Amino acid sequence: MKGKLAAAMRNLGLCVALAGLTACASGPMDVSGTTPGPLSIASEGSFFIGGHDVHSDTLSTVPNYATSGTVTVGQVYVSYQVPTHARPLSLTLIHGCCLTGKTWETTPDGRMGWDEYFVRHGFPTYVIDQADRGRSATDIETINAVKEGKAPVTALPALFAASHEAAWAIFRFGPQYPQRFPGEQFPLDSQSGLWQQMVPDWIASLPTPNPTVPALSQLAAKLRNTVLISHSQAGIYPFQAAALSPNGIAAIVALEPAECPSATGDLTPYTKIPILVLFGDYIDQSPRWAPRLNACRAFADAAVRAGGHVQLVLLPDVGIHGNTHMMMQDRNSLDVANWVLHWIDTHVTAAAS
């Protein structure tokens, strides 16, 4: 019996070490095709941050469930892993449009995600679900009010979902579905694993600033020394959080942000925080992303003139080619991760030491 149990534990890839919790899952293969060693973590867990309580009289249209009461909305779910022998600097990963924190986990074709990779490199790593997305609760009050005739149909929240065909061009797998850019790196043979990750997006129905922004500000203050790594729709959030308060924000890494701060606005909040704005390949072939790159370049230039430490980089310019908008899931995702970690080591860790 003991032998069978031991074999089962090996098959599950789980073990517990006396010095701490060690996840021994063989997990995804790395880019070299070899199995990574055991993942040693000192602690892992989850919590919520932000949000506020509201009273509602339209909590339910289902019989036997109370219609009135108090609920919490606008909160943000955070999961984390802290490795053994952790560095003093943590990383916080913030997903973009129509997605959740799954963005950073195991890739669609089963390779190691950035969340695990960063932990393996000694960084406590925090992964969020934006407010009203994933495990962060959605406010249904208005929907029920319309259903009960207490509000007009025009009051319904504005929601959208990205189709496979639309996302194909947005994510720059090719100029249009199902064409592919030559040399693009996304594992399209496993594209169903990406489509399964996608969820309806509530951002157009949320207040300004997005509740994720003050939650990130609170999270940074709680962690005290974290790099906010954002993607796409969420690219602007770390900048907005820094404008609320720079406390705890060690640096900003914005991966293909849909929006950068205005080049003509107040740049003061961005002059004391190291900032990297990173874009992938095929930008000049995308009518959606080329203008965004130009706007971010204008911001970076203006911030540098104002005394900031801002670097805008295109991956092809540093020898990394074929990256789509989903660079953290591309086949060369760990090459990109290594480049980001090198930037952090040279611009953040070194500056803090």
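The residue that is nearest to A290 (Cα to Cα), counting only those in the range 152-170 that are free of Cβ contacts under 8 Å to residues at least 40 places away in the same chain and not in a helix (DSSP H, G or I), is S163. Just to be sure, is L156 touching a Pro at 6+ places or on another chain (Cβ under 8 Å) and either under 23 Å from E259 (Cβ atoms) or surrounded by fewer than 17 Cβ atoms within 10 Å (Cβ to Cβ) (or both)? The answer is no for L156.
Against the test of being more than 13 Å from the chain's Cα centre (by Cα) and in a helix (DSSP H, G or I), the options V54, V146, V73, V82 yield a single qualifying residue, V146. Screening L334 with (1) under 21 Å from L188 (Cβ atoms); (2) under 18 Å from the mean Cα position of the chain (by Cα); (3) part of a loop (DSSP other than H, G, I, E, B) gives one miss only, at (3). Within the range 282-291, not a single residue is polar (S, T, N, Q), surrounded by fewer than 22 Cβ atoms within 10 Å (Cβ to Cβ) and free of Cβ contacts under 8 Å to residues at least 60 places away in the same chain. The strands (runs of 3 or more DSSP E) found wholly in the range 219-329 and carrying at least 3 residues that are over 17 Å from the mean Cα position of the chain (by Cα) and farther than 25 Å from F47 by Cβ occupy 310-314.
If the condition is being in a loop (DSSP other than H, G, I, E, B) and either of a type outside the set (F, W, Y) or modelled with pLDDT under 95 (or both), then the range 57-70 contributes D57, T58, L59, S60, T61, V62, P63, N64, A66, T67, S68. Scan the range 171-217 for residues that are in contact (Cβ under 8 Å) with a residue 40 or more places away in the chain, assigned to a helix (DSSP H, G or I), of a type outside the set (G, A, S) and surrounded by fewer than 18 Cβ atoms within 10 Å (Cβ to Cβ) and the total you get is 1.
Assess whether A220 counts as being at pLDDT 95 or above and surrounded by 18 or more Cβ atoms within 10 Å (Cβ to Cβ). Answer is yes for this residue. For the range 188-206, state whether one or more residues are over 30 Å from I344 (Cα atoms) and at pLDDT below 95. No - not one qualifying residue is present in the range 188-206.
The values are calculated or read from the model by the stated rules, or taken from the named source; none is laboratory data. What you see is a predicted model; the values in this text were computed from it and never measured. Positions of Cβ are backbone-derived with ideal geometry, glycine not excepted, and every protein chain shown enters the neighbour counts.
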